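Bear in mind these aren't lab numbers, they're just calculated from the coordinates by the rules spelled out. These numbers come from a predicted model, not from an experiment. Here Cβ is always computed from backbone atoms with ideal geometry, including for glycine, and neighbour counts include all displayed protein chains.
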Number of protein chains: 4
Amino acid sequence: MSASGGPVERATLEDLAAASRILVDQGVFDAAGHVSMRHPTHPERFLMSRSLAPEMITADDIMEFDLDCEAIDPRGRNGFIERYLHGEIFRARPDVAAIAHSHSPSVIAFGLSNTPMRAMYHNAAFLAAGVPVFDIRDKFGKTDIVVSTKEKGAALAQVLADKPVALLRAHGMVAVGPSLPVAVFRAIFTVASAHIQHQALALGGPLAALDAEEGALADVVNVQTVGRAWDLWKRRVMK
Amino acid sequence: MSASGGPVERATLEDLAAASRILVDQGVFDAAGHVSMRHPTHPERFLMSRSLAPEMITADDIMEFDLDCEAIDPRGRNGFIERYLHGEIFRARPDVAAIAHSHSPSVIAFGLSNTPMRAMYHNAAFLAAGVPVFDIRDKFGKTDIVVSTKEKGAALAQVLADKPVALLRAHGMVAVGPSLPVAVFRAIFTVASAHIQHQALALGGPLAALDAEEGALADVVNVQTVGRAWDLWKRRVMK
Amino acid sequence: MSASGGPVERATLEDLAAASRILVDQGVFDAAGHVSMRHPTHPERFLMSRSLAPEMITADDIMEFDLDCEAIDPRGRNGFIERYLHGEIFRARPDVAAIAHSHSPSVIAFGLSNTPMRAMYHNAAFLAAGVPVFDIRDKFGKTDIVVSTKEKGAALAQVLADKPVALLRAHGMVAVGPSLPVAVFRAIFTVASAHIQHQALALGGPLAALDAEEGALADVVNVQTVGRAWDLWKRRVMK
Amino acid sequence: MSASGGPVERATLEDLAAASRILVDQGVFDAAGHVSMRHPTHPERFLMSRSLAPEMITADDIMEFDLDCEAIDPRGRNGFIERYLHGEIFRARPDVAAIAHSHSPSVIAFGLSNTPMRAMYHNAAFLAAGVPVFDIRDKFGKTDIVVSTKEKGAALAQVLADKPVALLRAHGMVAVGPSLPVAVFRAIFTVASAHIQHQALALGGPLAALDAEEGALADVVNVQTVGRAWDLWKRRVMK
């Protein structure tokens, strides 16, 4: 068994638990969905709730894992089976500090079709970098769709590459970021942008979406101002 | 009058009543909709609320019926007129332990058109087996649409055949399962999948829906993990 | 000034006030919308709230009008300017006991296009009789759209003819019924059916909507069972 | 530093703060969005919250700015970076007393396509005057989309011209009015009309939208009766 990455402040655990409840409150998670963060002082460890509906998660449910997704100190708690999705992205992407994985309907629609997601507005500027689709069939044939092994997690991480968001065919999406608030922000505005894109495509004609250069510029503002939204979102679920 | 199938634990009656309120809370039921379960110890009996808006149902409203849909001990309570939909499915499908019937708008749209419902994601994997449509006109001509007799219930059960879900033209849907939580889960994710399919179809092009083999594999996971969602849903309506 | 139609029971006034709040709670009314009922004992009088947002209406806000839409005992209260819509329908339709008028988005879309509304399911069976569209331009040219005179109210009543629902171009809808709960029920399920029709039309191909005969049969059930829904709706706004 | 325009009544500050919370409650604002009003007694000054999520704004957060968007008495508070959008419209439009700026998804879709917004019903009558689209690329090339300078604010004001509403490509919308309640009303019903237009366009065929003459007539009624809606909206957020 790996050693712990060291103690984590209570406030950090509370933020990670709040992130799950925020994503429910904001309509990104339903009865499922999970969010994780890299250990603040040990990059080979990450923190993630035990297997539980995200609306019910509190700081006491947070577990520590190594990058092989082995629990450091399980004390009888079970991790989500899809923790391999998180572990392999943390392994492949040193720049990533947090990951959210959801089954948001508006986003899933894009994962089922050949229409790529694009950045409909400044809040979703990070999508302008491109949104790849992971189809588990490509490497694993007929499966139960669950990202339940290191191999499947690594294949997803490979498709994600250096992007902030990837879709999972017939499954959902994953959003990553350099901090917990940014990953949560990206999950929320990926869903919002998907809604807009459905409506905008129905209007017909070309879409004046953000291009890669505008997207890169606008996302700097998102990252700088994320605290204002985070404070509000957190306040709503702390009531 | 048939004899009772025997006493039922209070917790079971409370779960069945909660299922009605859960389906309201999750947006599947409106002012109508009903859910039933087979008697836990007597397969020729089933349990179902008296005729009441589902949001208002408590354990005390649960009645017992035989498979001819006669109330065992009515004590002045009236059953739903559509209990024949339930009784005949319980008769035809020994594998079914619970049934939910709703009038969910997104699902009704598919029952009115020639576009078949498909499984848009893992949570709706059970739809990959195919979703037949019951058109009451086929056997009964012009009617008031209500499944109000044994003959109509049996005709619906015949169309449902061995599937988990069937649509009723210009009326709604029925979802069945091997347990109460699974039937509720299937009703909820049939509606969710319908939402996604509307959006995905609007994007145009082929849909990479789950095929039958993927659906069968993924539904095993749904059935195994349904308790996590059920606990959350129940907690929400027990507040 | 006309004489009063006589005293009205407090419970009746409370039901009429509740109807306004029900239509807000059910998403049919927004900050506007009005519902009226014929005086229970004097068919030449009707009851309707003073001009007020429907969410705020209580029994004390209900006023009495004659069919010329003159207030019987205004006591400084102002009626809605669109009370003429109500008065003229009550005059033209002795079978009508209650009227609801709303600006529901999904319904307005049909009033702007050439696509007729149809009955998508049993709860909206009354739409199978046909849904005429009143275009105020036809008789009055360029106006402010408001049904603000007896002449405009009468023109609308003429278009409504013997139907339960009519649309008003670029404005909204009116639903009528033989009782207050039935008029409220029809307003609610006109909106629900509009939602379904938008989705079903997007699927393409012919729609297996209810035909006139099925609609007539199914609406008998709606009228018979409306009390179950009414009790729930009222309970929700009486909290 | 400019001199203050003079003291402002507490009730006015509370109304402006309430306007932000109203626009959240009505679904126009999310975690962002801002509303401003001209100083009641000094037309060269305007009032606007410090940078804060709109749901959290109270009267104590309101700051005073001159038309160059310099804070009169910042006391350590930071204004929104997009206050230049407000300042330049107040400068260009003496008739404008209040401005709301949002990122409402249904509206953004129109800003991305070539389909102009039109007035779908009487409550959105002000749209019949035409809804221009501001594309920041036209004058400024690739940017971060933010209206963060006087030049960008002035360019937007030029596109808005004498209209009540303009869209901002890949960003949002701005609604202005001769009073705070009217600007708020216009923001709310621009979103509502966008919803209807999406649905009406999907039905196909020509749309019988309000023309300019009908729009002008109907908007007079909106302005006259806005108090009824404003009172309701305010009451909801004062709870």
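Observations
- Cβ-Cβ distances below 8 Å connect the following pairs, each with a first residue in the stretch D:39-55 that is farther than 15 Å from D:Ala11 by Cα, a second residue that is of a type in the set (Phe, Trp, Tyr) and assigned to a strand (DSSP E or B), and a separation of six or more residues or different chains: D:Arg45/D:Phe65; D:Phe46/D:Phe65.
- The set of residues from the stretch C:27-59 being closer than 19 Å to C:Lys239 by Cβ and in contact with an Asp or Glu (Cβ under 9 Å, 6 or more places away or on another chain) comprises C:Phe29, C:Ala53, C:Pro54, C:Glu55, C:Met56, C:Thr58, C:Ala59.
- In this entry, B:His42 passes the filter for residues that are over 16 Å from the mean Cα position of the chain (by Cα) and not charged (D, E, K, R).
- Matching entry among D:Val28, D:Val8 (being assigned to a loop (DSSP other than H, G, I, E, B) and under 14 Å from the mean Cα position of the chain (by Cα)): D:Val28
- Residue in the stretch C:208-223 that is assigned to a helix (DSSP H, G or I), in contact with a Gly (Cβ under 9 Å, 6 or more places away or on another chain), within 11 Å of chain B (Cβ to nearest Cβ) and closer than 14 Å to C:Ser104 by Cα present: no
- Scanning the stretch B:202-239 for residues that are free of Cβ contacts under 8 Å to residues at least 24 places away in the same chain, of a type in the set (A, V, I, L, M) and more than 28 Å from A:Phe140 (Cβ to Cβ) turns up B:Ala202, B:Leu232.
- Which numbered condition B:Gln158 fails, given (1) more than 11 Å from chain C (Cβ to nearest Cβ); (2) touching a residue at least 60 places away in the same chain (Cβ under 8 Å); (3) under 15 Å from the mean Cα position of the chain (by Cα): (3)
- Test set (1) out of contact with any strand residue (DSSP E or B) (no Cβ under 7 Å at 6 or more places or on another chain); (2) outside any helix (DSSP H, G or I); (3) buried (at least 17 other Cβ atoms within 10 Å of the Cβ) - A:Val226 fails condition number: (2)
- D:Ser179 meets all of the listed conditions (1) of a type in the set (Gly, Ala, Ser); (2) more than 29 Å from D:Ala18 (Cβ to Cβ); (3) more than 14 Å from chain C (Cβ to nearest Cβ); (4) surrounded by fewer than 19 Cβ atoms within 10 Å (Cβ to Cβ) but one, namely (2).
- Note on the stretch B:76-169: no enclosed helices (runs of 4 or more DSSP H) hold 2 or more residues that are closer than 20 Å to C:Ser193 by Cβ, among the basic types (Lys, Arg) and touching a His at 6+ places or on another chain (Cβ under 7 Å).
- Within the stretch C:114-127, considering residues that are within 11 Å of C:Val165 (Cβ to Cβ) and more than 8 Å from every other protein chain (Cβ to nearest Cβ), the one farthest from the chain's Cα centre (by Cα): C:Met117
- Contacts under 8 angstrom Cβ, first residue in the stretch C:173-186 being in contact (Cβ under 8 Å) with a residue 60 or more places away in the chain, partner among the basic types (Lys, Arg) and surrounded by 24 or more Cβ atoms within 10 Å (Cβ to Cβ), 6 or more apart: C:Ala175/C:Arg186; C:Val176/C:Arg186; C:Gly177/C:Arg186
- Residues of the stretch D:130-145 classified as within 17 Å of D:Tyr84 (Cα to Cα) and of a type outside the set (S, T, N, Q), total: 7
- Filtering the stretch A:128-138 to residues that are farther than 28 Å from D:Asp135 by Cβ and either among the basic types (Lys, Arg) or within 15 Å of the chain's Cα centre (by Cα) (or both) leaves A:Pro132, A:Val133, A:Phe134, A:Arg137.
- Any hit, the stretch B:148-161, residues being more than 30 Å from C:Arg118 (Cα to Cα) and of a type in the set (Lys, Arg): no
- Taken over the stretch C:97-106, the criterion of being of a type outside the set (Ser, Thr, Tyr) and within 9 Å of another protein chain (Cβ to nearest Cβ) is satisfied by C:His103, C:Pro105.
- Output for the stretch B:39-66, where each listed residue is within 14 Å of chain C (Cβ to nearest Cβ), within 13 Å of B:Arg77 (Cβ to Cβ) and assigned to a helix (DSSP H, G or I): B:Asp61
- For the stretch B:128-155, the candidate set comprises residues that are under 20 Å from B:His34 (Cα atoms), more than 14 Å from every other protein chain (Cβ to nearest Cβ) and touching a residue at least 60 places away in the same chain (Cβ under 8 Å); within that set, the residue that is surrounded by the fewest Cβ atoms within 10 Å (Cβ to Cβ) is B:Lys150.
- Residue within the stretch B:187-194 that is assigned to a loop (DSSP other than H, G, I, E, B) and more than 7 Å from chain A (Cβ to nearest Cβ) present: no
- The single residue among B:Val28, B:Val35 that is buried (at least 22 other Cβ atoms within 10 Å of the Cβ), touching a residue at least 40 places away in the same chain (Cβ under 8 Å) and farther than 19 Å from B:Gly79 by Cβ turns out to be B:Val28.
- Listed conditions (1) out of contact with any Lys or Arg (no Cβ under 8 Å at 6 or more places or on another chain); (2) surrounded by fewer than 18 Cβ atoms within 10 Å (Cβ to Cβ) are all met by C:Glu213, apart from (1).
- Condition check for B:Gln199: assigned to a helix (DSSP H, G or I), without any contact (Cβ under 8 Å) to a residue 24 or more places away in the chain, within 11 Å of another protein chain (Cβ to nearest Cβ) and crowded, with 17+ Cβ neighbours inside 10 Å: yes
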